[in-house]
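Read the structure below first, then the notes.
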Amino acid sequence: MRIRGLGVIEDAVLSFAPGFNAVTGETGAGKTMVVTGLGLLFGDRAESGRVRPGAGRAVVEGRLELPESGRAVKRAEEYGASLDPVDPADPADPAVGGEPRRELLINRSVAAAGSGGSRAFLGGQPVPVSVLGDLAEDLVEMHGQASQQLLRQPARQRDALDRYAGEPALAALAEYRTAYNAYKSMCAELEELTTKAAERFREADSLRYGLAEIEKVDPQPGERDELAAEIERLGSAEELRMAAARAHEALSAQETSDAAVDALTLINHARRALDSAKDKDPALAAIAGRLDDVYWQLGEVATDVAGYLAGIEADPARLEYAHERVADIDALCRHVGRYLVETTVERAGPSVAEVLAWGEQAALRLTELEGDDGRIAELTERRDALHEQLGGLADRVSERRGEAAGNFADAVGTELAALAMPHARIEVRLKRREEFGSSGRDDVELLLAPHPGAPLLPIAKGASGGELSRVMLAIEVVFAGADPVPTLVFDEIDQGVGGSAAIEIGRRLARLARSSQVIVVTHLPQVAAFADRQLVVVKDSDGGVTSSGVTVVADADRYTEIARMLSGRAESDSAKDHARELIDAAIAERSLP
């Protein structure tokens, strides 16, 4: 992690190791800014007053190595972050288990007052600050005087208790959740059907009316075009009769006179003229044959015209019927057109074919709507059966939690006794809700009585700042195997503690570091001695401007820092001997199984 322009830190790089990392330094050197920087990386609220005087912006950059199969990698990618593979030649983090890792970069900047706001980047992608907080749920647990995330998340306490309870509780919870998801799905479908009953009734009523109109008019495919042609013919009956009569007279006049000779008579004269000579020339015979064909064809046409003429008659009643029928069909098309989003023809309404197609679809939809009543009855019956089943499954989950709660309270109490809170009493209280939730019907609440005679209160309210940190350490130790978090951060968890209790804190932090990365800001040498890596925040003052840097100490330099923490005299030989003794003892304890 790199910090620039934050509080007294001008520019510092902190390289945290797997395991237990202790951050130490003199009072006012800026140790708290390390925790503040970590908090900013993981979505804490930005305060412009934290920006170093003279710096326009405080910037915190972090590089995280995450297991490739972990949920955090998937969630980061969902937010658009780019992650690079970690060089397999690098030493593997024991907490990761040696599996392939991915590198995620996080950048958070805070502007000085009046210079702008806060910005966040995840894997090179700008994101809302809330995204960092969302991602932090899978990555880090911050424990400070004012930051007790576990205490603010009852659901997390309940989930951790379930994991602590082990396979029986998890199996019962999995079975419950399967039934609960089915129950919620059924309730949602029922709600949709019942809340939209009025809307469905209106839709069904409208469809029935439209279908009744279609049934009443009963239009046939192509009928309107046929009627339009018939109307045209009936409306022009006299004109058609006169035209046919003139044509028939021209073809075959009923009375022959010199003034009016019909076409058949003339062609017949021509036939007879050729008859006497056609046998003498084949060419003329062919012409005569063609003339015969014309004569007979023309005769057929004349007959057809006569038949057409005989069939023409004015029929006012039929004409009126056709007009009324077309009007009914057009009115139906306009009515049905209100149900259609678009029509494929540009006129008052859709075509008869479109009306008939809509009728088929409407009949199917009406059948579906009318079947909802039966569906509601069926779903209601199934929902009630599932509700009863859920009650039994929820009772099993509660029973498993109740069995684990006592053991968990005893385990935390044992840890607190070793952390200078011998009379503290922890209780895990399960409060039953009437309604079902995704995790059963229990609210889990951790209660603490820090002293004899003190009332049991929610642990966020029943302990002082130092006590609260120790309670959280005890809980984390108990949860370590059940609810592992990749990184745990403790800020001055040892406040108000000394002597053997401080050694117990260091021992438990080292135990946590076997399964998680632990970062602790401490002023106690007994705690720092257990660390796998110790980082020292060094304060420097030049011309009235104070700045801090961070260095990793090892070997002789580490003895010197522990000696300073012990006696305030870094060069004291006796203090260094005591420091060496503390560190050697801690190393020996860490090697124990």
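Here are the numbers for the structure shown:
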item: Selection count, the range 478-490, where residues are modelled with pLDDT of 85 or more and either surrounded by fewer than 23 Cβ atoms within 10 Å (Cβ to Cβ) or over 35 Å from the mean Cα position of the chain (by Cα) (or both); result: 2
item: Unique residue being more than 50 Å from the chain's Cα centre (by Cα), assigned to a helix (DSSP H, G or I) and within 30 Å of residue 325 (Cβ to Cβ) when the list is 233, 246; result: 233
item: Scan of the range 495-519 for residues that are assigned to a loop (DSSP other than H, G, I, E, B), closer than 20 Å to residue 536 by Cα and not aliphatic (A, V, I, L, M), ordered by number; result: 495
item: Residues of the range 23-56 satisfying the condition of being assigned to a loop (DSSP other than H, G, I, E, B) and touching a Gly at 6+ places or on another chain (Cβ under 6 Å); result: 30, 43, 52, 55
item: Residues of the range 491-509 classified as closer than 11 Å to residue 20 by Cα and within 39 Å of the chain's Cα centre (by Cα), total; result: 1
item: Inter-residue pairs, beta-carbon under 8 Å, first part of a helix (DSSP H, G or I) and of a type in the set (D, E, K, R) and in the range 306-324, second modelled with pLDDT under 75 and surrounded by 11 or more Cβ atoms within 10 Å (Cβ to Cβ), 6+ apart; result: 318/230; 318/234
item: Counted residues, the range 25-38 - those being at pLDDT 90 or above and either closer than 24 Å to residue 514 by Cα or touching a helix residue (DSSP H, G or I) at 6+ places or on another chain (Cβ under 9 Å) (or both); result: 1
item: Criterion: at pLDDT 80 or above and farther than 29 Å from residue 263 by Cα - qualifying residue of 341, 345, 352; result: 352
item: Given (1) at pLDDT below 85; (2) surrounded by fewer than 20 Cβ atoms within 10 Å (Cβ to Cβ), index of the condition residue 455 fails; result: (1)
item: Per-region count, the range 554-593, residues hydrophobic (A, V, I, L, M, F, W, C) and crowded, with 18+ Cβ neighbours inside 10 Å; result: 9
item: Failed criterion for residue 439 (all others in (1) more than 30 Å from residue 189 (Cβ to Cβ); (2) among the small types (Gly, Ala, Ser); (3) in contact (Cβ under 8 Å) with a residue 40 or more places away in the chain hold); result: (1)
item: Some residue of the range 67-75 being in a helix (DSSP H, G or I), of a type outside the set (A, V, I, L, M, F, W, C) and touching a residue at least 40 places away in the same chain (Cβ under 8 Å); result: yes
item: Scan of the range 134-153 for residues that are of a type outside the set (A, V, I, L, M, F, W, C) and either modelled with pLDDT under 80 or surrounded by fewer than 19 Cβ atoms within 10 Å (Cβ to Cβ) (or both), ordered by number; result: 134, 137, 138, 143, 144, 145, 147, 148, 149, 152, 153
item: In the range 374-393, residue surrounded by the most Cβ atoms within 10 Å (Cβ to Cβ) [restricted to those that are among the hydrophobic types (A, V, I, L, M, F, W, C) and out of contact with any helix residue (DSSP H, G or I) (no Cβ under 6 Å at 6 or more places or on another chain)]; result: 385
item: Some residue of the range 8-23 being over 30 Å from residue 569 (Cβ atoms) and either surrounded by fewer than 21 Cβ atoms within 10 Å (Cβ to Cβ) or under 36 Å from the mean Cα position of the chain (by Cα) (or both); result: yes
item: Residue that is modelled with the lowest pLDDT, among those in the range 491-500 that are surrounded by fewer than 20 Cβ atoms within 10 Å (Cβ to Cβ) and over 9 Å from residue 526 (Cβ atoms); result: 496
item: Cβ pairs under 6 Å, 6+ apart, first in the range 365-386 and farther than 30 Å from residue 435 by Cβ, second assigned to a helix (DSSP H, G or I) and modelled with pLDDT of 80 or more; result: 366/207
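The values are calculated or read from the model by the stated rules, or taken from the named source; none is laboratory data. Note that this is a predicted model, so its numbers are computed, not measured. All Cβ positions, glycine included, derive from the backbone under ideal geometry; neighbour counts span all protein chains shown.
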